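Notes follow once the structure below has been shown.
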Amino acid sequence: MRETLVSFLMEYPDDWQLPLAGWVDAITDWLIAEGGMVWDALSYVILFVVVRTERFLLWLPWSAMLVIFFVVAAFVVGPKLAAALSGGFLFIASLGMWDPSMATLAMVLVATAMAVMIGIPVGILMSKYEVLNRLIRPVLDLMQTLPSFVYLIPVVMIFSIGRIPALLATLIYAAPPVIRLTNLGIRQTASDVVEAGRSMGSTSMQLLLKIQLPLALPSIMAGINQTVMMALGMVVIASMIGAGGLGVEVFRGIGRLEVGRGFVGGICIVVLAVIIDRLTQQAIEGQGESHNG
Amino acid sequence: MVSLSREAQDKEMGTEDYAISLRNLYKVFGPDPDQAMQLLSEGEGKDEILESTGNTVGVHDASFDVEPQEIFIVMGLSGSGKSTLLRCVIRLIEPTHGSIFLDGEDVTEMDDGQLRQLRREKTGMVFQQFALFPHRKVIDNVAYGLEIQGVSRKERHRNSAEILDTVGLSGWEDYYPENLSGGMQQRVGLARALVHDPSIMLLDEPFSALDPLIRRDMQQELLDLQKRLNKTMLFITHDLDEALRLGDRIAIMNDGEIVQIGTAKEIITEPADDYVANFVQDIDRAKILTAVDVATAEVPVLRQDHSVSGAWQEISETDAFYVVLTDEHRRLIGMVYSHDIRAQLENGSVSLDPLPIHEMERVSLERPVEDLFPLLSTNSSHPLAVVDRDGRLEGVVDASSLVSGLTKDGEVPRGASQ
Ligand SMILES: Nc1ncnc2c1ncn2[C@@H]1O[C@H](COP(=O)(O)OP(=O)(O)O)[C@@H](O)[C@H]1O
Ligand SMILES: [Mg+2]
């Protein structure tokens with residue numbers, strides 16, 4: 001009697017363990033078996049968008065791409081910085097990394113666009129309904145802290161290797177900032193300004209569109225900036241499950257001990273990151289300044 | 001059943017004659033307002049209720065009526081529940097209990113759509129910290145109320161420019177609020193609240209955030225504006241000077257309760273309790289009170305047709321050095337010195353006629369006490385005669401009646417003790 005008690009206190013009994021791993025297996029199996037049609041449809045749409053974007057960027061001659069980029073960037077950040085950032089693209093081309101860079105860019109752009117399209121409405125809903133805020137917050141924490149490999153496996157099992165699981169993995173990792181900062185931005189719109197809107201008889205949709213979202217815009221832009229950067233951060237991992245692009249260079253470089261190749265791929269990712277960061281960062285600040293009419 | 005319906009009737013009785021009527025309004029903040037209401041009805045104090053239940057009683061049984069086109073002030077210290085009360089009127093804060101009637105319509109019965117309609121048409125609100133939309137130009141701040149009602153851009157900009165002109169801001173349409181001074185920002189706030197031509201204005205300490213000089217300008221402008229626009233105003237302030245300057249009537253709030261409602265004069269001369277008395281003790285009563293408030297009627301008065309011996313009888317009962325002379329309708333003639341009467345008596349004369357009659361300075365009943373000081377000091381020995389429109393004597397003002405009129409219960413006001 002005493003011995004069994006002691007051994008019970010020393011070793012956690014086997015039959016008291018939660019079969020969590022088994023549950024996740026079961027859920028994954030069920031998703032694969034029952035959700036086939038849904039996943040197929042989803043795959044098709046995502047693939048269509050990613051492939052089209054990638055093809056378009058690759059179809060553009062590098063010179064045309066540079067000119068278009070310069071014009072757009074000059075509009076957002078002014079000609080000086082635009083020239084410097086265009087120099088970054090030139091540098092990538094000079095390293096012979098144009099095509100993989102465009103593939104990566106396509107991936108990042110699509111992932112960001114999806115994150116924004118999902119993230120802003122979710123953020124808005126979280127700001128309006130405290131229940132959703134409570135429920136979704138821990139999920140966002142989980143999405144950011146869970147090691148990517150943990151959800152890469154079920155995602156690959158559902159979609160198999162390719163651009164789609166890569167995109168979804170990127171989305172899971174990169175979406176939280178835009179959701180968080182949309183939520184925060186709306187919650188932070190000064191309560192007296194919102195009250196003024198209410199006192200004049202605004203509907204809640206009018207409040208949202210005419211007051212809260214415009215005032216939350218700097219915060220939302222900051223969220224988008226972070227989301228793009230995190231999407232770039234997933235490039236190498238995404239390449240392991242078939243994303244293609246610059247990540248492949250880094251990944252192969254490491255795998256085959258071709259240090260130079262890995263380094264060049266890494267540098268190009270950094271250059272892309274700097275270009276995108278400067279561009280979105282400046283857009284945020286410009287936003288704040290536009291009030292000084 | 002019977003008593004219930006009667007209560008309901010009483011509740012609404014007369015409300016249609018007023019622009020705003022509150023009936024037994026309560027607002028309790030916290031986890032369990034019902035419990036707090038129960039405890040309140042059992043006579044529990046607010047502090048104990050907060051302690052034991054965590055509920056804050058913001059407004060406690062407020063009732064009043066505001067006449068159309070009246071400026072009605074609600075005054076009280078910070079935290080006394082003024083802002084909460086004001087917000088309950090258009091249900092920006094949901095009242096816990098009680099009714100609100102605007103032009104006889106029960107606001108507490110309205111659904112969301114009716115409430116929006118009310119806010120779009122009948123009321124306009126102005127905020128302490130202006131609460132302008134920082135991302136909109138001045139003109140689009142003002143136009144907001146029309147924009148959400150679907151008024152075309154051209155029309156709402158025309159109306160907004162017009163109202164901006166009214167508040168003295170034409171030329172500033174295309175600026176952003178942050179480029180305007182505080183006073184100008186609040187003018188935008190006023191214009192924004194006026195653009196849809198509401199009949200009722202709700203103002204929550206609109207000038208408290210402004211510098212004193214600007215504040216006075218804005219107060220004057222509000223009065224000028226009111227002469228043209230004739231709105232009903234429910235105006236919140238913690239500043240007694242402002243209340244006295246602007247208010248037709250003043251309600252004083254303490255700790256969620258309305259402790260007194262009255263005109264400036266009533267509040268000053270008959271404070272309902274120590275809280276109100278405390279509020280008004282520092283006020284310059286000379287600005288509020290008028291001649292009739294400080295006049296004394298206890299003066300020897302002689303009718304012209306009386307005899308000197310009768311006069312002597314009169315003055316021997318007082319120690320006054322003069323007698324006020326009137327005609328048979330109490331119309332003022334002047335004053336006669338006591339020693340002249342005495343001399344006349346010693347000469348054996350029985351008529352008042354040959355006595356020297358001295359002029360008295362006449363002041364109307366409504367003459368501010370402020371004006372009386374210089375009049376009294378130019379001829380310090382002569383009291384002032386307070387007369388009505390027909391010249392009939394109401395009383396006299398002399399130094400001692402002035403002092404006792406300006407101090408309550410014979411207390412010497414702070415300024416006068418030096
Ligand atoms: N949203 C709220 N939740 C809890 N308590 C509140 C809330 N709003 C106001 N109160 C409390 O109600 C009381 C009255 O506040 P308020 O109406 O703002 O006073 P005033 O405008 O006279 O300064 C205060 O004790 C305040 O703390
Ligand atoms: Mg207040």
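List of remarks:
- Selected residue (only one of A:Tyr129, A:Tyr173 is buried (at least 17 other Cβ atoms within 10 Å of the Cβ) and aromatic (Phe, Trp, Tyr)): A:Tyr173
- For the stretch B:158-179, a residue qualifies if it is over 13 Å from B:Asn141 (Cα atoms) and within 12 Å of chain A (Cβ to nearest Cβ), and exactly one does: B:Asn179.
- Test: residue in the stretch B:152-167 that is in a loop (DSSP other than H, G, I, E, B) and modelled with pLDDT of 95 or more: yes
- Only one of the listed residues (B:Phe133, B:Phe127) is within 24 Å of B:Val66 (Cα to Cα), in contact with a Pro (Cβ under 8 Å, 6 or more places away or on another chain), within 11 Å of chain A (Cβ to nearest Cβ) and among the aromatic types (Phe, Trp, Tyr). That residue is B:Phe127.
- The stretch A:213-229, subset free of Cβ contacts under 8 Å to residues at least 40 places away in the same chain and either surrounded by 19 or more Cβ atoms within 10 Å (Cβ to Cβ) or part of a loop (DSSP other than H, G, I, E, B) (or both), residue nearest to the other protein chains (Cβ to nearest Cβ): A:Leu215
- Qualifying positions in the stretch A:23-37 - surrounded by 11 or more Cβ atoms within 10 Å (Cβ to Cβ), among the aliphatic types (A, V, I, L, M) and farther than 10 Å from A:Pro154 by Cβ: A:Ala26
- With respect to the conditions (1) in a helix (DSSP H, G or I); (2) modelled with pLDDT of 90 or more; (3) buried (at least 22 other Cβ atoms within 10 Å of the Cβ), A:Ser202 lacks only one, and its number is (1).
- The residue that is nearest to ligand 1 (Cβ to nearest atom), counting only those in the stretch B:87-106 that are surrounded by 21 or more Cβ atoms within 10 Å (Cβ to Cβ) and within 21 Å of B:Ala193 (Cα to Cα), is B:Arg87.
- A search for C-beta distances below 6 Å between a residue of the stretch B:66-83 that is within 14 Å of chain A (Cβ to nearest Cβ) and any residue that is more than 6 Å from ligand 1 (Cβ to nearest atom), counting only pairs 6+ apart in sequence or on different chains, returns B:Ser83/B:Asp204.
- Summed over the stretch B:172-218, residues that are within 16 Å of ligand 2 (Cβ to nearest atom) and of a type in the set (A, V, I, L, M, F, W, C) total 5.
- Against the list (1) surrounded by 10 or more Cβ atoms within 10 Å (Cβ to Cβ); (2) over 30 Å from A:Asp277 (Cα atoms); (3) of a type in the set (S, T, N, Q), the condition A:Gln17 fails is (1).
- Selected residue (only one of B:Ala277, B:Ala251, B:Ala272 is within 16 Å of ligand 2 (Cβ to nearest atom), more than 14 Å from chain A (Cβ to nearest Cβ) and either buried (at least 18 other Cβ atoms within 10 Å of the Cβ) or over 10 Å from the mean Cα position of the chain (by Cα) (or both)): B:Ala251
- Count - residues of the stretch A:148-203 that are away from chain B (no Cβ under 14 Å) and either polar (S, T, N, Q) or in contact with a Pro (Cβ under 6 Å, 6 or more places away or on another chain) (or both): 8
- Residue match in the stretch B:37-55 (condition: acidic (Asp, Glu), on the phi > 0 side of the Ramachandran plot and away from ligand 2 (no atom under 16 Å from the Cβ)): no
- Test result for B:Gly79, within 16 Å of ligand 2 (Cβ to nearest atom) and surrounded by fewer than 21 Cβ atoms within 10 Å (Cβ to Cβ): yes
- Identity of the residue in the stretch B:1-46, modelled with pLDDT of 65 or more and polar (S, T, N, Q), that ends up farthest from B:Gly256 (Cα to Cα): B:Thr15
- Some residue of the stretch A:152-160 being surrounded by 17 or more Cβ atoms within 10 Å (Cβ to Cβ), farther than 22 Å from A:Ala21 by Cβ and in contact (Cβ under 8 Å) with a residue 60 or more places away in the chain: no
- Residues of the stretch B:358-396 classified as of a type in the set (D, E, K, R) and in contact with a Gly (Cβ under 8 Å, 6 or more places away or on another chain), total: 2
- Applying the criterion of at least 2 residues that are within 16 Å of ligand 1 (Cβ to nearest atom) to the helices (runs of 4 or more DSSP H) found wholly in the stretch B:222-335 leaves B:240-246, B:274-280.
The values are calculated or read from the model by the stated rules, or taken from the named source; none is laboratory data. Given the structure is predicted, the values throughout are model-derived calculations rather than measurements. Note: ideal-geometry Cβ built from the backbone for every residue, glycine included; neighbour counts use all protein chains shown.
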